[in-house]
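Structure record follows, encoded as structure tokens.
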Amino acid sequence: MKTEKNRNAQKKSDGRKGRRFGKIAAAVVAVSSISAGIFGLMAEITTEAGLSGVEKIPTSYHVPAATAIPEVQTAEDMAKNNRESGDAAENKSGGTDREAGDNGSDETAGEKNYHVSMSSLNTGTPTSIDLTMEEAAALGMKYLQDIMGFDEEGVNVYMSYNSGTETFPRAFWDGDVRFGEEVLTDDDTWNFFIDAVTGELFMLSCTETLDVDVPLGYDSSLENNYGVYADAAKALAERCNLVGGPVREVKYGSQGYGSNNPDITMEVYGENGQMALLSFSRYNQRFLGLITDTSRVITDRAMEDLMKESEEATDWQTETLEDGSVIQWR
């Protein structure tokens, strides 16, 4: 049985795992554990899909696509608007990837202008059923606007495509939003992560680097005094329909930090059983990101399958004791 001291120590340890919001982490960090922190859940997915040694598997749609967030247009609508801007139709790849380093194209989401190009680290090639780079970028930028209030102009959106990984067997587009060709340590950066076929949202994030030094350690008082974050999470989840309807309850999740900004993650449960993870800055209460219920379910099921395969593949060891009894272990 864990003591209160042990539980607190575990929470401190869990909260420090996988805290960089600008990128999806590159190695598994307690993928199936909610308390490991908001980005521990997506940790196996490679940075910009460019790391070697990651086994990819075919896309498999085990989970039905969730209803789109009300204010977000469909991919078809986005593509139509982009074509009307004059550049999108000319630059559309028709389901094939553009070469890394391509100059990209200028697009719009609402009234905001941005520049789209394929990341130089991208190694994936979308299929004929996947959204094009421009369509995926348009949806991702609209999610950032409607949910995170992103309203900057003239940004660069660097896109990466991945056909799926062992712990996330679903094709996805990953968009990295920057103000320049390089991300400086004092820059805010944004990221979106969506289904490559349907455009369904999996994750949004923002890395905010503070211009002041603040404590990054675990704050035990927030375990029972997190009302301001719970209220904010509930209001945002219901406004943007993040759990498919009314919120049933909000629970404390974990603590950690990204860059020099301490954060706290709330677990938001809908009346229909869906759950989303929403993270906020502990310094200024700014909303920093979310992971949707669908992405959590995809990862949990994939991890369960991997664990089952591992158990089935492990040979039993047998030993006969002096009293004649036989024991077995893996």
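The values are calculated or read from the model by the stated rules, or taken from the named source; none is laboratory data. These numbers were taken from a predicted model, which means no experiment stands behind them. All Cβ positions, glycine included, derive from the backbone under ideal geometry; neighbour counts span all protein chains shown. The protein model used for the area step is the full one, side chains on, heavy atoms only, and it has no ligands, DNA or RNA in it. Shrake-Rupley method; radii C 1.70, N 1.55, O 1.52, S 1.80 Å.
Quick notes
- So S221, is it surrounded by 20 or more Cβ atoms within 10 Å (Cβ to Cβ) and not hydrophobic (A, V, I, L, M, F, W, C): no
- For the stretch 236-263, residues that are surrounded by fewer than 18 Cβ atoms within 10 Å (Cβ to Cβ) and among the aromatic types (F, W, Y) total 0.
- Only listed residue being over 21 Å from the mean Cα position of the chain (by Cα) and within 18 Å of T294 (Cβ to Cβ), chosen from N272, N225: N272
- Filtered residue count, the stretch 144-157, keeping only those that are assigned to a helix (DSSP H, G or I) and open to solvent by 10 Å² or more (accessible area, probe 1.4 Å): 3
- Selection status of I291, β-branched (V, I, T) and either under 17 Å from F202 (Cβ atoms) or under 18 Å from the mean Cα position of the chain (by Cα) (or both): yes
- Matching residues, the stretch 237-251, being without any contact (Cβ under 8 Å) to a residue 24 or more places away in the chain and over 21 Å from the mean Cα position of the chain (by Cα): R248, E249
- Cβ separations smaller than 7 Å between residues 6+ apart or across chains give the following pairs from the stretch 217-230 residues that are closer than 21 Å to S259 by Cα to residues that are among the aliphatic types (A, V, I, L, M): L222/I264; Y229/I264; Y229/M266.
- For the residues E181, E134, the requirement of being in a loop (DSSP other than H, G, I, E, B) and either open to solvent by 10 Å² or more (accessible area, probe 1.4 Å) or within 28 Å of V297 (Cα to Cα) (or both) singles out E181.
Rundown of residues vs (1) hydroxyl-bearing (S, T, Y); (2) at pLDDT 95 or above, yes/no style:
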residue: A230; (1), (2): no, yes
residue: Q274; (1), (2): no, yes
residue: R301; (1), (2): no, no
residue: T314; (1), (2): yes, no
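- Residue count for the stretch 202-244, restricted to those that are part of a helix (DSSP H, G or I) and farther than 30 Å from A136 by Cα: 9
Yes/no per residue for (1) outside any helix (DSSP H, G or I); (2) out of contact with any Asp or Glu (no Cβ under 8 Å at 6 or more places or on another chain); (3) open to solvent by less than 20 Å² (accessible area, probe 1.4 Å); (4) of a type outside the set (A, V, I, L, M):
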residue: T265; (1), (2), (3), (4): yes, yes, yes, yes
residue: N272; (1), (2), (3), (4): yes, yes, no, yes
residue: L278; (1), (2), (3), (4): yes, yes, yes, no
residue: Q285; (1), (2), (3), (4): yes, yes, no, yes
residue: V297; (1), (2), (3), (4): no, yes, no, no
residue: R301; (1), (2), (3), (4): no, yes, no, yes
residue: D305; (1), (2), (3), (4): no, yes, no, yes
residue: E309; (1), (2), (3), (4): no, yes, no, yes
